[in-house]
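K.L.:
Below are the structure tokens for one structure; questions will follow.
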Amino acid sequence: MIRVEKPASSNGPEDVLLTGGQFEWTWAVPMPYRALADPHGICVMPISPADTIRRNEAGHPKGNFHHGLAYFATLQSFLTYSFGWTRHDLGLLWWYRNDRPVDDPRMALLREIWDADGMLERYMAWCIDHGPGEWKAGPGTPIRHWAKHLNQAPAVLTEADRERLNAQRRLAESGDLCASPWGMHLEDGGHIGAPSGRQWKHLPVPAELAESARISHSDPARGRATLVTEHVTGWYSTLADLGATLPPRPGGRSWRVDVFVQPIGYLGEYRHSWSTGLWFAGRHRYHAVGN
């Protein structure tokens, strides 16, 4: 595992169709997918923002705020577009209450990176602070367009939950801004919502974008298909649109669609949930807990 830091002065490409948003938030978004696609290769992930804190010229500790933007935005994007979660708070609460299972490689990555860094519970506390009372500004809202139902029930917290979350809030308040999801402009998923395409509000998406994508029936008998798209922007909406054109399968079974986004690589095998209306990767039970 190689952990890397974003140089504070670096700038990225301006083509938002390729990057999927403003570079400061999105430069690390491809990393979890690449790590999972090649588990025996060299895995590169962002370092903990706490590890960017160094003493400046005046002798005061200061972290790399721009690194923190991407660190938390990458987590937010991964939970939204891989797990298909509209309620990150519920999904993470379930994960912690069930002893942080790692039988899904994506959950193993959550545990190895964000949980081991001590930042996953902190992000969970932020999510609960932006829960259904403010559901339009929730972390998973970029995919709400496709959800059959929006779960607006507040998370039920135990006393132990409250103590744990309050401890994370205190740590965030007392620490460097780079290591706090508060103040990272994560509200409503605005900086990671570009894969939702025209159904999202921040980035104009050309009408011809879908023409660059294609879906093919690689194995119709087994219900397998492949989606390839040239752009990060709009890949999820394209999956939803083209996935809806696949012919019905016997018994209402779902198609399994291998998704390739050229600037990122292989994103995983996706299915459509008849219960939530959302596309997701991995097991359905792990999708359902975050909705």
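The values are calculated or read from the model by the stated rules, or taken from the named source; none is laboratory data. Source: prediction; values computed, not measured. As a convention, Cβ positions derive from the backbone with ideal geometry for all residues, glycine included, and neighbour counts pool all protein chains shown. Side chains are part of the model used for accessible areas, which takes the heavy atoms of the whole protein and leaves out ligands, DNA and RNA. Shrake-Rupley method; radii C 1.70, N 1.55, O 1.52, S 1.80 Å.
K.L.:
May I ask you to verify whether Asp89 is out of contact with any strand residue (DSSP E or B) (no Cβ under 9 Å at 6 or more places or on another chain), open to solvent by less than 10 Å² (accessible area, probe 1.4 Å) and of a type outside the set (Lys, Arg)?
P.N.:
yes
K.L.:
In the stretch 177-199, which residue that is among the aliphatic types (A, V, I, L, M) and open to solvent by less than 50 Å² (accessible area, probe 1.4 Å) is nearest to Gly234 (Cα to Cα)?
P.N.:
Ala194
K.L.:
List every residue pair whose Cβ atoms sit under 9 Å apart, with the two residues 6 or more apart in sequence or on different chains, where the first one lies in the stretch 89-101 and is free of Cβ contacts under 8 Å to residues at least 12 places away in the same chain and the second, anywhere, is surrounded by fewer than 14 Cβ atoms within 10 Å (Cβ to Cβ).
P.N.:
From residues that are free of Cβ contacts under 8 Å to residues at least 12 places away in the same chain, the pairs are Arg97/Thr158.
K.L.:
Residues being more than 13 Å from Ile113 (Cβ to Cβ) and among the hydrophobic types (A, V, I, L, M, F, W, C): count how many of those fall in the stretch 71-94.
P.N.:
7
K.L.:
Given Ser77, Ser48, which one is farther than 30 Å from Arg271 by Cβ, of a type in the set (Gly, Ala, Ser), at pLDDT 95 or above and open to solvent by less than 10 Å² (accessible area, probe 1.4 Å)?
P.N.:
Of the residues listed, the single one that is farther than 30 Å from Arg271 by Cβ, of a type in the set (Gly, Ala, Ser), at pLDDT 95 or above and open to solvent by less than 10 Å² (accessible area, probe 1.4 Å) is Ser48.
K.L.:
Which pairs have Cβ atoms under 8 Å, sit 6 or more apart or on different chains, and link a residue in the stretch 22-42 that is free of Cβ contacts under 8 Å to residues at least 60 places away in the same chain and within 16 Å of Ile113 (Cα to Cα) to one that is in a helix (DSSP H, G or I) and among the aliphatic types (A, V, I, L, M)?
P.N.:
Ala28/Ala70; Ala28/Ala73
K.L.:
Going through Tyr123, Tyr96, Tyr71 one at a time, which residue ends up being surrounded by fewer than 21 Cβ atoms within 10 Å (Cβ to Cβ) and either touching a helix residue (DSSP H, G or I) at 6+ places or on another chain (Cβ under 9 Å) or of a type in the set (A, V, I, L, M) (or both)?
P.N.:
Tyr96
K.L.:
Additional query: Here are some residues: Ala125, Ala210, Ala160. Which one is in a helix (DSSP H, G or I) and modelled with pLDDT of 95 or more?
P.N.:
Just a single option satisfies the conditions, and that option is Ala125.
K.L.:
While we're looking at this one, here's another question. Can you tell me which residue within the stretch 163-180, out of those that are of a type in the set (A, V, I, L, M) and closer than 20 Å to Ile47 by Cα, is nearest to the chain's Cα centre (by Cα)?
P.N.:
Initial filter on the stretch 163-180 (of a type in the set (A, V, I, L, M)): 165, 167, 171-172, 177, 179.
Subset that is closer than 20 Å to Ile47 by Cα: 171-172, 177, 179.
Numbers: Leu171: 23, Ala172: 21, Leu177: 21, Ala179: 18 Å.
This residue is Ala179.
K.L.:
Quickly run through the stretch 237-276 and pick out the residues that are open to solvent by 60 Å² or more (accessible area, probe 1.4 Å) and in a loop (DSSP other than H, G, I, E, B).
P.N.:
Ala244, Thr245, Pro248, Arg253, Gln262, Trp274, Ser275
K.L.:
Taking the stretch 128-143, which residues are surrounded by 19 or more Cβ atoms within 10 Å (Cβ to Cβ) and either modelled with pLDDT of 95 or more or in a helix (DSSP H, G or I) (or both)? Give the steps one after another, and end with the answer.
P.N.:
The initial filter retains those residues of the stretch 128-143 that are surrounded by 19 or more Cβ atoms within 10 Å (Cβ to Cβ), namely 128, 130-131, 138-143.
Selection gives Ile128, Thr141, Pro142, Ile143.
K.L.:
I would also like to ask the following. Of the residues Ala116, Ala147, only one is open to solvent by 10 Å² or more (accessible area, probe 1.4 Å) and more than 15 Å from Val289 (Cα to Cα); which?
P.N.:
Exactly one residue qualifies, and that residue is Ala116.
K.L.:
Continuing with the same structure: Return the total of residues in the stretch 22-41 being surrounded by fewer than 20 Cβ atoms within 10 Å (Cβ to Cβ) and of a type in the set (Gly, Ala, Ser).
P.N.:
The qualifying residues number 2.
K.L.:
Please work out which one of (1) among the hydroxyl-bearing types (Ser, Thr, Tyr); (2) touching a helix residue (DSSP H, G or I) at 6+ places or on another chain (Cβ under 9 Å); (3) farther than 16 Å from Tyr81 by Cβ is the condition Thr245 fails and give its number.
P.N.:
Tallying (1) among the hydroxyl-bearing types (Ser, Thr, Tyr); (2) touching a helix residue (DSSP H, G or I) at 6+ places or on another chain (Cβ under 9 Å); (3) farther than 16 Å from Tyr81 by Cβ, Thr245 fails exactly one: (2).
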